[in-house]
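J.: My structure is below; once you've seen it, I'll send some questions.
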Amino acid sequence: MATPGGPRQGNFPPNYNSNALANNMENLQINQSNQQQSENFGGSAYRPPNATPFGQQPPRFSGSRPGPPPPGVFSGGQAPPTGPAQTTFSPSLVSARSTGPPAVTQPAFFASRPPPPGASSSSIGGPATSAPSGFGPRPGPFPSSSSSPLTSRPAFPPHMVTSGPASNGSPSFTPVLSQDGPRLPPDISSMPRPLVGPPQPPTKLSSGPSSQTLQMRPSFGARPSGASSAIGQPAPPFSAPPQSMIPPPGSLPFSAPQGMLQSSGSPYGMQTWPPQPQQVAPPPLVSGHMQQPQMFGMPPGPPPLPNQSMALNQTAQSKINPNQIPRLPSSSAVILHETRQGNQANPPPPATSDYIVKDTGNCSPRYMRCTINQIPCTVDLLSTSAMQLALLVQPLALPHPSEEAIQVVDFGENGPVRCSRCKGYINPFMKFIDQGKRFICNFCGFTDETPRDYHCNLGPDGRRRDADERPELCRGTVDFVASKEYMVRDPMPAVFFFLIDVSMNAIQTGATAAACSAINQVIADLPEGPRTMVGIATFDSTIHFYNLKRALQQPLMLIVPDVQDVYTPLHSDVVVPLSECRQNLEILLESLPTMFQNNRTADSAFGAAIKAAFLAMKSTGGKLLVFQSVLPSIGIGSLSTREAEGRTNVSAGEKEAHKLLQPADKSLKTMAIEFAEYQVSVDLFITTQTYVDITSLSVVPRTTGGQVYYYYPFSALSDPAKLCNDLRWNVTRPQGFEAVMRVRCSQGIQVQEYSGNFCKRIPTDVDLPAIDCDKAIMVTLKHDDKLQEGSECAFQCALLYTSIYGQRRIRVSTLSLPCTSILSNMFRSADMDAQFSCILKQAANEIPSAPLTQVRDQATNVCVNILYSYRKFCSTVSSAGQLILPEALKLLPLYILALLKSSGLRSDGRIDDKSFWINYVSPLPTPLVIPLVYPRMIAIHDLNEKESDDSIIPTPIPLSSENVTVEGVYLLENGEECLIYAGDSVQPNVLQKLFGISAVAEISNQFVMQQQDNPLSKKVNAIINEIRGQRCSYLRLRLCRKGDPSGVAFFSYMVEDKIGSMPSYVEYLIHIHRQIQNKMP
């Protein structure tokens, strides 16, 4: 056994070539060598090469991005060379038992987004115990005990190779993917520091009869009329919440419609904020006095104008200036965020901003973010606020390359120190007493004996003398090495099984050829070593397995004709080590499209095929990657075409739950639960030109921790590049297998529900056959007791998993937040991004089971209830004609309106598109939530005329058609797709420079962006490359023009405009204001 604190043998990932470059990927230049830093194409702000925040030296970047698209699948560009890129990692282990200071080493972190520090490890629970009744023995390597150990640390570098036409493979870490390599943060002395000073007052939008200019003024001057108690005083008792204002305690906002507004549309954009004040919890307010509202947790921005209000006439809107209503602020400054200062929690920066975290006790907001950064002491107070109390957890989120690496702590055979009652893990907030001989759990309050070999005397401040030397006592996130007591079997190998649709439609559309080409290129990116195993099968109306054993001169096809009672023909030679079959696998992938080119079988046995592949993987578990092109029509889980029914039932979808958004039968769900039991995760790549019933098919990926990729309508010209890069990022991104996750809370708060892509077999734990850096889980919370004013409430997420290299880790993230009994403190500390993320995910969950009108009304009611509560209890407004928006939530109406107009809540649109939107939202990380509904739009026709700054991406434009001219070219992206709109009167020389055409009429439906040899084209390609890196997605490109369906799609994202029956932004503010006035006594 490795000595505590020493390097662990066999845990190092293979080395990779640090000079592998990705150039010319379909017009994008991705990650060139680090030495090329003549220009700054990095992100929001310039970072000098040798400057890093907090005095730390960034390790040299040695990663490379995933490879290019398959050769010959799109015009222009040369076939990229293949070969694995390589990177080197340090062990980064810390001894937790040694008496002296632990030896802490840090693994190299990456300068580009994809590679996080490490891979992942598996499982949750204490020592091996029997599985819950009804499920039999847990097939995974970890016990399914009621107490779960959770840990995880991605320990592998995504090994990626790219070359040839520009590739958007593995997205880069920092929102910076540049042509000249990663950028480092600016010198700390030159970076904007969070300011500490008076916060901004709330925004007031007045609705009086006069035409006042937009102004702002403090709304906390005197006691609010109508308030039941002085909001400046300690905890007013809210025993009976106002009627028609708040949802019942513990309930979600989507429960009872109140008949409001209907809407639809779909937008998304990146929000950047100015540096944010790192404030500490405010001192108790003086009894009897109202204090000016301190907008806790919000960036100060420019000083507010005195008396900012807006004249919203109830009968006319002509005097409203749309330019002065709340909109996303734009700032390219990098925010430096210390999680705690002066023993107080600092509210996090906005999720969409560019920030660098220094972990000083609380975990980084990338891993765990709370909707309110001051926890209400009572359920009545929470109900009165009408806000959500939830955690957004992303355990394996990619860190910023300039952040300190997460430390790995090895406690040896005994495992990490834990509370013997609640099984909470040791963390900075457990209090040691009696000269360090005992410690008090910050979750359940139980006092435990300190293990002998972990004892240390206390200093004068009551802390252990070695606290700053032990990561688990001074960092909010650490990785514990899981001991044998957490395992019931050896860690599973990395298994990748590829299942390809070869039915007639798939062959004729080029989907099969694209899938084979993508797999062939990605093979080089799979982890090296004997633990990596692969398998492959094809299917139409039958299933075809292939014996890949090296002794065979060529792969042997084994056909399974029975699609009702499927089986695996060979258990030993279907899934084999990659090192033994690489050559045979490559030969097979090259020959498959030709082998089936004359196939006339139109049927698809999807259900039978995944069942047969599962049987081949059952003994090991692993990732099943399925390429599907048509509606499954035969065998287990066969489906019928329901879309025709959907077209004739559009009006009914407004009045009742849309049945087409509910799975057709339960057979696929039953299969998915069995897959999850045996640690098999399914990712589904849908390459289709027709209806495939995503609602029914997506049950399998959602239950097994997988993901749905959707390419509609599939184009053999433009989509293979995205397919290749999506597949490469899927297999190379930081991820873990056979994982279990649990969230623990302090006494008084408990977990109400988990939401995301997983299987849940026991109430307290979430089973994740696979989890990766792009998956988030929403954890809604509820009170079960009263919290103590002035105390802190702690939350801990523990993830136990197996890394892609077979390492067992428990990633533990801890967050401790102050408790408050003052309503105004809750509004000041509200997290806009997290609050809206909850609203969005809850709306998506409601769509299949409730009429769209009801879901839209509920979303609007959530907004109205929150603003009404603030107006009634926290605002001292003399005029009833003013709409008061709390500073932290001033953009809530805009985001709710954007949600109402999104494709998921619109009445029109294809059923498959709506179903994909629901599936996309389910595991969506918080930084991508707002861009999904409020996209980022920038003008690209005049880039050469704009003043250059440190940011590659220009300042975004508000989403209104008033900002789109006929002479302009605009780029709009929402994290999933990228639309480029060309006006009717764009100058021919601009079109020639950008697209190589002379007139808008020449725009092709199947658009492939090529980099032209001119500065404007290079800048546009650098922007697209940067966006793809920020979003960790290749982003499908579509060229749009007016008078074409593509133009209609582009303008459907103009969420500030009136679209059909949907109101404009100004009209929606008026509507919200009227609803609030109707509630006022």
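J.: Output the residue which, of all residues in segment 555-573 that are touching a Ser or Thr at 6+ places or on another chain (Cβ under 9 Å) and in a loop (DSSP other than H, G, I, E, B), is modelled with the lowest pLDDT.
T.: 571
J.: Across segment 533-546, which residue is surrounded by the fewest Cβ atoms within 10 Å (Cβ to Cβ) among those that are assigned to a strand (DSSP E or B) and touching a residue at least 60 places away in the same chain (Cβ under 8 Å)? If you could, list the steps in order and put the result at the bottom.
T.: Going residue by residue through segment 533-546, those that are assigned to a strand (DSSP E or B) are 533-539, 543-546.
From what's left, touching a residue at least 60 places away in the same chain (Cβ under 8 Å): 533, 535, 537, 539, 543, 545.
On the way: 533: 22, 535: 24, 537: 25, 539: 31, 543: 27, 545: 25.
Checking each candidate, the answer is 533.
J.: Now for a separate question. Tally the residues that are crowded, with 19+ Cβ neighbours inside 10 Å, within 37 Å of the chain's Cα centre (by Cα) and without any contact (Cβ under 8 Å) to a residue 60 or more places away in the chain, restricting the search to segment 445-485.
T.: Qualifying residue count for the region: 2.
J.: Does residue 865 satisfy the criteria of being modelled with pLDDT of 95 or more and surrounded by fewer than 22 Cβ atoms within 10 Å (Cβ to Cβ)?
T.: no
J.: Here is a further query. For the subset of segment 1037-1052 comprising residues that are in contact with a helix residue (DSSP H, G or I) (Cβ under 9 Å, 6 or more places away or on another chain) and open to solvent by 20 Å² or more (accessible area, probe 1.4 Å), which member is nearest to residue 725 (Cα to Cα)? Steps first, answer last, please.
T.: Filtering segment 1037-1052 for residues in contact with a helix residue (DSSP H, G or I) (Cβ under 9 Å, 6 or more places away or on another chain) gives 1037-1042, 1051.
So of that shortlist, the ones also open to solvent by 20 Å² or more (accessible area, probe 1.4 Å) come out as 1037-1038, 1041-1042, 1051.
Numbers: 1037: 14, 1038: 17, 1041: 27, 1042: 30, 1051: 28 Å.
Going through the qualifying residues, I end up with 1037.
Conditions (1) in contact with a Gly (Cβ under 8 Å, 6 or more places away or on another chain); (2) touching a residue at least 40 places away in the same chain (Cβ under 8 Å); (3) aromatic (Phe, Trp, Tyr); (4) surrounded by 15 or more Cβ atoms within 10 Å (Cβ to Cβ), marked per residue:
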position: 548; (1), (2), (3), (4): yes, yes, no, yes
position: 588; (1), (2), (3), (4): no, yes, no, yes
position: 594; (1), (2), (3), (4): no, no, no, no
position: 601; (1), (2), (3), (4): no, yes, no, yes
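J.: Please pick out the residue among 357, 334, 393 that is among the β-branched types (Val, Ile, Thr) and farther than 15 Å from residue 815 by Cα. Steps first, please.
T.: Numbers: 357 fails: farther than 15 Å from residue 815 by Cα; 393 fails: farther than 15 Å from residue 815 by Cα.
After ruling out the rest, the residue left standing is 334.
J.: Looking at (1) more than 30 Å from residue 428 (Cβ to Cβ); (2) outside any loop (DSSP other than H, G, I, E, B), can you tell me which one residue 528 breaks?
T.: With (1) more than 30 Å from residue 428 (Cβ to Cβ); (2) outside any loop (DSSP other than H, G, I, E, B) applied to residue 528, the lone miss is (2).
J.: Is it the case that residue 829 is open to solvent by less than 10 Å² (accessible area, probe 1.4 Å) and among the hydroxyl-bearing types (Ser, Thr, Tyr)?
T.: The answer is yes for residue 829.
J.: OK, next. Search segment 830-859 for residues being of a type outside the set (D, E, K, R) and touching a Pro at 6+ places or on another chain (Cβ under 6 Å), and hand back the single one that is nearest to residue 735 (Cα to Cα).
T.: Among residues in segment 830-859 that are of a type outside the set (D, E, K, R) and touching a Pro at 6+ places or on another chain (Cβ under 6 Å), the one nearest to residue 735 (Cα to Cα) is 858.
J.: Going through segment 467-485 one residue at a time, which ones are at pLDDT 95 or above, part of a loop (DSSP other than H, G, I, E, B) and either aromatic (Phe, Trp, Tyr) or in contact with a helix residue (DSSP H, G or I) (Cβ under 9 Å, 6 or more places away or on another chain) (or both)?
T.: Within segment 467-485, no residue meets the criteria.
J.: Can you name every residue in segment 967-985 that is open to solvent by 10 Å² or more (accessible area, probe 1.4 Å) and farther than 16 Å from residue 1037 by Cβ?
T.: Result: 967, 984, 985.
J.: One residue is enough: does segment 1057-1080 have a residue meeting the conditions under 24 Å from the mean Cα position of the chain (by Cα) and either outside any helix (DSSP H, G or I) or surrounded by fewer than 19 Cβ atoms within 10 Å (Cβ to Cβ) (or both)?
T.: no
J.: Can you confirm whether segment 888-901 contains a residue that is open to solvent by less than 10 Å² (accessible area, probe 1.4 Å), touching a helix residue (DSSP H, G or I) at 6+ places or on another chain (Cβ under 7 Å), of a type in the set (Ser, Thr, Tyr) and assigned to a helix (DSSP H, G or I)?
T.: Yes; the residues of segment 888-901 include at least one that is open to solvent by less than 10 Å² (accessible area, probe 1.4 Å), touching a helix residue (DSSP H, G or I) at 6+ places or on another chain (Cβ under 7 Å), of a type in the set (Ser, Thr, Tyr) and assigned to a helix (DSSP H, G or I).
J.: Can I ask one more? Please go through segment 400-415 and give me each residue that is out of contact with any Ser or Thr (no Cβ under 7 Å at 6 or more places or on another chain) and either within 18 Å of residue 834 (Cβ to Cβ) or surrounded by 24 or more Cβ atoms within 10 Å (Cβ to Cβ) (or both), ordered by number.
T.: The answer is 403, 409.
J.: Provide a single number: the residues in segment 350-370 that are closer than 14 Å to residue 332 by Cα and either touching a Phe, Trp or Tyr at 6+ places or on another chain (Cβ under 6 Å) or assigned to a strand (DSSP E or B) (or both).
T.: Here the count works out to 4.
J.: Determine whether segment 853-862 contains at least one residue that is at pLDDT below 95 and charged (D, E, K, R).
T.: The answer is no, given that none of the residues of segment 853-862 is at pLDDT below 95 and charged (D, E, K, R).
J.: Now for a different question. Return the pairs, sorted by first residue and then second, in which the second residue is open to solvent by 10 Å² or more (accessible area, probe 1.4 Å) and not in a loop (DSSP other than H, G, I, E, B), the first residue lies in segment 336-354 and is of a type in the set (Ser, Thr, Tyr), the beta carbons are less than 6 Å apart, and the residues are 6+ apart or on different chains.
T.: Hits for this filter: 352/927.
J.: Out of the residues in segment 999-1009 that are at pLDDT below 85 and not in a helix (DSSP H, G or I), state the one that is most open to solvent (accessible area, probe 1.4 Å).
T.: Result: 1005.
J.: Determine if segment 927-941 includes at least one residue that is out of contact with any Asp or Glu (no Cβ under 8 Å at 6 or more places or on another chain) and under 20 Å from residue 857 (Cα atoms).
T.: Among the residues of segment 927-941, at least one is out of contact with any Asp or Glu (no Cβ under 8 Å at 6 or more places or on another chain) and under 20 Å from residue 857 (Cα atoms), which makes the answer yes.
J.: In contact with a strand residue (DSSP E or B) (Cβ under 7 Å, 6 or more places away or on another chain) and open to solvent by less than 30 Å² (accessible area, probe 1.4 Å) - does that describe any residue in segment 503-510? Steps first, please.
T.: From segment 503-510, those in contact with a strand residue (DSSP E or B) (Cβ under 7 Å, 6 or more places away or on another chain) are none; that's our starting set.
For segment 503-510, residues in contact with a strand residue (DSSP E or B) (Cβ under 7 Å, 6 or more places away or on another chain) and open to solvent by less than 30 Å² (accessible area, probe 1.4 Å): absent.
J.: Among the numbered conditions (1) on the phi > 0 side of the Ramachandran plot; (2) open to solvent by 60 Å² or more (accessible area, probe 1.4 Å), tell me where residue 530 comes up short.
T.: Among (1) on the phi > 0 side of the Ramachandran plot; (2) open to solvent by 60 Å² or more (accessible area, probe 1.4 Å), the lone unmet condition for residue 530 is (1).
J.: While we're here: Residues that are among the small types (Gly, Ala, Ser), touching a strand residue (DSSP E or B) at 6+ places or on another chain (Cβ under 9 Å), in a loop (DSSP other than H, G, I, E, B) and in contact (Cβ under 8 Å) with a residue 40 or more places away in the chain: does segment 434-444 have at least one?
T.: No - not one qualifying residue is present in segment 434-444.
The values are calculated or read from the model by the stated rules, or taken from the named source; none is laboratory data. Since this is a predicted model, take the numbers as computed values, not measurements. Note that we place each Cβ from the backbone using ideal geometry, even for glycine, and neighbour counts take in every protein chain shown. Just so you know, the surface numbers come from the protein's heavy atoms only, side chains and all, with ligands and any DNA or RNA stripped out. Shrake-Rupley method; radii C 1.70, N 1.55, O 1.52, S 1.80 Å.
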